[in-house]
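Pasting in a structure now, in structure tokens, and then I'll have a few things to ask.
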Amino acid sequence: MPWGLAEEAGRAVRWLEARGLAGADALVDVLGRPRPRPPQQQGIAWTGDCPIYVGAALTDRASEIAPKGVNVRVLVGALLLLPALALIARQRPLMLAWAGGRGFLGPSEVWLDGEVPEGLIRARPGNLRSGVKLLRVPPRALPDGALKALTALARKTYAPAHLGREGGAGAGPTDND
């Protein structure tokens, strides 16, 4: 995943975990899939196989999406779309609906009712505020399985020891910036 999208993924997981939702587990599920393709758009409908790619595309077009809403479908990890939709909701509050649940995202509010979002999510401008209000909670400890899986993925980014500074990696001994 390109660095910019990896940063988006990190922000999404932090946002979800701060609200008591299993963002790390969702990210592990997404990263275990084959390399994603760019999302497709047809009118207000967006589809993709990776919620990180789709979420980044949505936030890049937030000013177009906020007034009319959006329908989004991803193959796995739809929970990871909520932080992107929350950024869009800063411009205009959104009512959410998906099979098994609904929610509301406002400039500083998050309300969810029902199951964790999966599959198709419909987001429309509106102010419906029924459901369970999610308050910012202390970050939870990541589940052992998610932590081990994410650590294993992080290790793939390490340079081998023989390619360290002694092997010529980095700026060298005079790096002073």
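The values are calculated or read from the model by the stated rules, or taken from the named source; none is laboratory data. This structure is a prediction, so every number in the text was calculated from the model and none was measured. With ideal geometry, Cβ positions are generated from the backbone for all residues, glycine too; neighbour counts draw on all protein chains shown. The protein model used for the area step is the full one, side chains on, heavy atoms only, and it has no ligands, DNA or RNA in it. Shrake-Rupley method; radii C 1.70, N 1.55, O 1.52, S 1.80 Å.
To the nearest 20 Debye, how big is the dipole of segment 1-97 about its Cα centre, given +1 on the beta carbon of each Lys and Arg and -1 on that of each Asp and Glu?
Result for segment 1-97 is approximately 200 debye, rounded to the nearest 20.
Once amide H atoms are built 1.01 Å from N in the peptide plane, which residues 5 or more positions from V110, or in another chain, come under 5 Å H to H?
L134
Can you spot the lysines whose alpha carbon is less than 19 Å from K156's alpha carbon? Ignore those fewer than 8 places along the same chain.
K148
Order K148, K133 by their accessible area, 1.4 angstrom probe, all chains in place, largest first.
If we order K148, K133 from most to least accessible, we get K148, K133.
Keeping every protein chain present and rolling a 1.4 Å probe, give me the accessible area per residue for segment 8-126 in Å².
So segment 8-126 comes to 45 Å² accessible per residue, rounded to a whole number.
Over segment 1-120, what portion of Cα pair distances is larger than 23 Å, expressed as a whole percent?
Result for the distance tail: 20 percent.
How many Å³ per residue does the convex hull of the Cα positions in segment 58-135 occupy?
77
Among Q40, N127, L85, whose Cα projects farthest towards the positive end of the dipole of segment 27-137, with charges put on the beta-carbon of Lys, Arg (+1) and Asp, Glu (-1)?
So the residue we want is N127.
Once the whole set of protein chains is in place, how much accessible area is left on T157, using a 1.4 Å probe, in Å² to the nearest 10?
For T157, solvent-accessible area is about 100 Å².
May I pose another question? Rounded to a whole number, what % of the accessible area of segment 1-57 do carbon and sulfur atoms account for, probe 1.4 Å?
53
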